[in-house]
1. Against the condition modelled with pLDDT under 95 and more than 18 Å from Gly119 (Cα to Cα), how does Gly30 come out, does it pass?
2. Condition test on Asp4, is it in a helix (DSSP H, G or I), surrounded by fewer than 17 Cβ atoms within 10 Å (Cβ to Cβ) and at pLDDT below 95?
3. Which pairs turn up if I take residues in the range 105-123 that are in contact (Cβ under 8 Å) with a residue 12 or more places away in the chain and of a type in the set (Phe, Trp, Tyr) and look for partners that are part of a helix (DSSP H, G or I) and open to solvent by less than 40 Å² (accessible area, probe 1.4 Å) with beta carbon separation below 8 Å, at least 6 apart in sequence or on another chain?
4. Does Ala93 fit the bill of being buried (at least 21 other Cβ atoms within 10 Å of the Cβ) and within 19 Å of the chain's Cα centre (by Cα)?
5. Only one of these conditions is not met by Gly119: (1) open to solvent by 50 Å² or more (accessible area, probe 1.4 Å); (2) among the small types (Gly, Ala, Ser); (3) at positive phi. Which number is it?
6. With the checklist (1) modelled with pLDDT under 95; (2) surrounded by 17 or more Cβ atoms within 10 Å (Cβ to Cβ); (3) not small (Gly, Ala, Ser) in hand, flag the one item Glu78 doesn't pass.
7. Just to check your reading of the model, which residue among Ser142, Ser104, Ser152 is in a strand (DSSP E or B), among the polar types (S, T, N, Q) and either at pLDDT below 95 or within 16 Å of Thr37 (Cα to Cα) (or both)?
8. Go through (1) within 20 Å of Asp74 (Cβ to Cβ); (2) surrounded by 15 or more Cβ atoms within 10 Å (Cβ to Cβ); (3) touching a helix residue (DSSP H, G or I) at 6+ places or on another chain (Cβ under 8 Å) and name the single condition Gly124 misses.
Amino acid sequence: MGKDEKLRDRLFAVLGEKGAKLMAAGDLTGIVKDSCTVGVSVAIPLPRHVVRDLQTAPTAEYYQLYHDLNGQLDGIVEAGAAFLREQGYEARANTTKTVCQDESWRTPLPHKTVATRAGLGWIGRSCLLVTPEYGGAIRLSSLMTNAPLPVSEPVAESRCGECRICADRCPARALTGKLWQAGMAREELFQREICKQTQEDRMERATGIRADLCGMCFAVCPYTRRYLDRA
């Protein structure tokens, strides 16, 4: 086993010990402008019972879990970045403390971009990452490094085929139903404002909490349902 593979395996062991269930590295050359052109994507699945509930309505448990998992992910990528710095490499964790969305829900480097470049999954008609293992029932984070990690083959197009369940079940009718390809503008996939308004309305009706969380699109995804049906 070569040096780079050993470093990757040690890093992934650190990430896994902190709770990451999916992890992979991708080449971000041409996407980022500094020396940290390797992106490491990590994901944690949502518990099955929470996802099943979302097939009916948003829940207060999902609201709390959303924030709890974000905190756990921050710890995971911070630990990974610290490990790589200890090995003498540059590394930075893309945590909720350091990466903020603007008013259009945009970040300088979306976790979904790192995930597709690392081969974890593709962008579904839902405009969310879909993974073979857990569908869209995941929370994502990432870190950047100049460490010479082996990288995975990127995913550059949708694997949703003819399936339109997420678009057809969207309470806001905010999803256009188009199939994703790398480089596609987000606006080709969904309408942000009507999505946000509907999420807030549904969450408030169901829980009394006004927050832009819904979950219907990933909860009904066939890949998600395969995860739910696994023993």
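1. On the way: modelled with pLDDT under 95: yes; more than 18 Å from Gly119 (Cα to Cα): no.
No; evaluated as a whole, the condition is false for this residue.
2. Working: in a helix (DSSP H, G or I): yes; surrounded by fewer than 17 Cβ atoms within 10 Å (Cβ to Cβ): yes; at pLDDT below 95: yes.
Yes; evaluated as a whole, the condition is true for this residue.
3. Within 8 Å, the pairs are Trp122/Thr116.
4. On the way: buried (at least 21 other Cβ atoms within 10 Å of the Cβ): yes; within 19 Å of the chain's Cα centre (by Cα): yes.
Considered against the rule, which asks whether it is buried (at least 21 other Cβ atoms within 10 Å of the Cβ) and within 19 Å of the chain's Cα centre (by Cα), Ala93 comes out as yes.
5. Exception for Gly119: condition (1).
6. (1)
7. Working: Ser104 fails: in a strand (DSSP E or B); Ser152 fails: in a strand (DSSP E or B).
Step by step, each of Ser142, Ser104, Ser152 is checked, and only Ser142 is in a strand (DSSP E or B), among the polar types (S, T, N, Q) and either at pLDDT below 95 or within 16 Å of Thr37 (Cα to Cα) (or both).
8. All conditions pass for Gly124, except number (1).
The values are calculated or read from the model by the stated rules, or taken from the named source; none is laboratory data. Given the structure is predicted, the values throughout are model-derived calculations rather than measurements. No Cβ is skipped: glycine too gets one built from the backbone with ideal geometry, and neighbour counts run over all protein chains shown. Keep in mind that these areas ignore ligands, DNA and RNA; they rest on the heavy atoms of the full protein, side chains included. Shrake-Rupley method; radii C 1.70, N 1.55, O 1.52, S 1.80 Å.
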